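Scroll down for the structure; my scribbles are underneath it.
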Amino acid sequence: MASIGLGVLGWTGGRRWRAIGAALIGGFLIDADHLFDYALARRYGHARMILPLHGWEYLPLIILLDRQIGARGALFAGFACHLTLDQIWNEKRSPLAYFLLYRALRNFRADSLGPEDPARRHRWRHASPAGLVRWM
Ligand SMILES: [Zn+2]
C-alpha cells in the first residue's frame, strides 16, 4: 500500500506512469526473493535464509538505478519503504538482519537470523507448491 501511495505521489508530481511502476517494483518485487528461498528450502531444507533482495546495502544502487530510469525517487522510496516496514514489523534476532552482509557472515543460518520460533512463523515455507499458491 505504501508503494502505491509513493507511486501516486510521483505520478501526480511528474505525471509519469513510470513512477508508479517503479514504486511497485521497488515496494513489491523485492519479496520475489521469498520464492527463491522457498525453492531453496524445497531442495535443501530450511536451514538457510538468504533473501537475496532484502538488503540495506542495495540502497546506493537503487538510487543510481532510480536516476537512470527517471523514476523521480519512486523506485528508491518503494524499496526503502518496504525494507523499513520489514525492519520494524518482522520478527528477527538482530536489528542487523536486513543487511545482506550480516546474513552472509552468519552463513545465512535461519536459526541465527529469523524468528525465534520458525514453526510458528513463515509456515508458508513448508507448504507444497500448490499450498504456496493459496498463501499468495
Ligand atoms: Zn520484504
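The values are calculated or read from the model by the stated rules, or taken from the named source; none is laboratory data. The structure displayed is predicted, hence computed values, not measured ones. Backbone-built Cβ (ideal geometry, glycine too); neighbour counts: all protein chains shown.
Can you tell me which residue in the range 23-65 is farthest from the ligand (Cβ to nearest atom), limited to those that are of a type in the set (Gly, Ala, Ser), at negative phi and assigned to a loop (DSSP other than H, G, I, E, B)? Before the answer, list the steps.
Residues of the range 23-65 of a type in the set (Gly, Ala, Ser): 23, 26-27, 32, 39, 41, 45, 47, 55.
Applying the additional criterion that residues be at negative phi yields 23, 26-27, 32, 39, 41, 47, 55.
From what's left, assigned to a loop (DSSP other than H, G, I, E, B): 47, 55.
Values: 47: 20, 55: 11 Å.
Within the range 23-65, the match that is farthest from the ligand (Cβ to nearest atom) is 47.
So which pairs qualify, if the first residue must be in the range 14-43 and free of Cβ contacts under 8 Å to residues at least 24 places away in the same chain, the second must be within 13 Å of the ligand (Cβ to nearest atom) and not charged (D, E, K, R), the Cβ gap must be under 6 Å, and the two must be at least 6 apart or on different chains?
33/51; 33/52; 33/53
Assuming residue 59 fulfils every condition listed in (1) in contact with a Phe, Trp or Tyr (Cβ under 9 Å, 6 or more places away or on another chain); (2) at pLDDT 85 or above; (3) surrounded by 15 or more Cβ atoms within 10 Å (Cβ to Cβ); (4) hydrophobic (A, V, I, L, M, F, W, C) apart from one, which condition is it?
So residue 59 meets the others, but not (3).
Which condition does residue 115 not pass, out of (1) within 17 Å of residue 47 (Cβ to Cβ); (2) away from the ligand (no atom under 15 Å from the Cβ), if it passes all the others?
In the conditions (1) within 17 Å of residue 47 (Cβ to Cβ); (2) away from the ligand (no atom under 15 Å from the Cβ), residue 115 misses (2) alone.
Of all residues in the range 78-116, which are out of contact with any Gly (no Cβ under 7 Å at 6 or more places or on another chain) and touching a residue at least 60 places away in the same chain (Cβ under 8 Å)?
Answer for the range 78-116, where residues must be out of contact with any Gly (no Cβ under 7 Å at 6 or more places or on another chain) and touching a residue at least 60 places away in the same chain (Cβ under 8 Å): 85, 108, 109, 110, 111, 113, 114.
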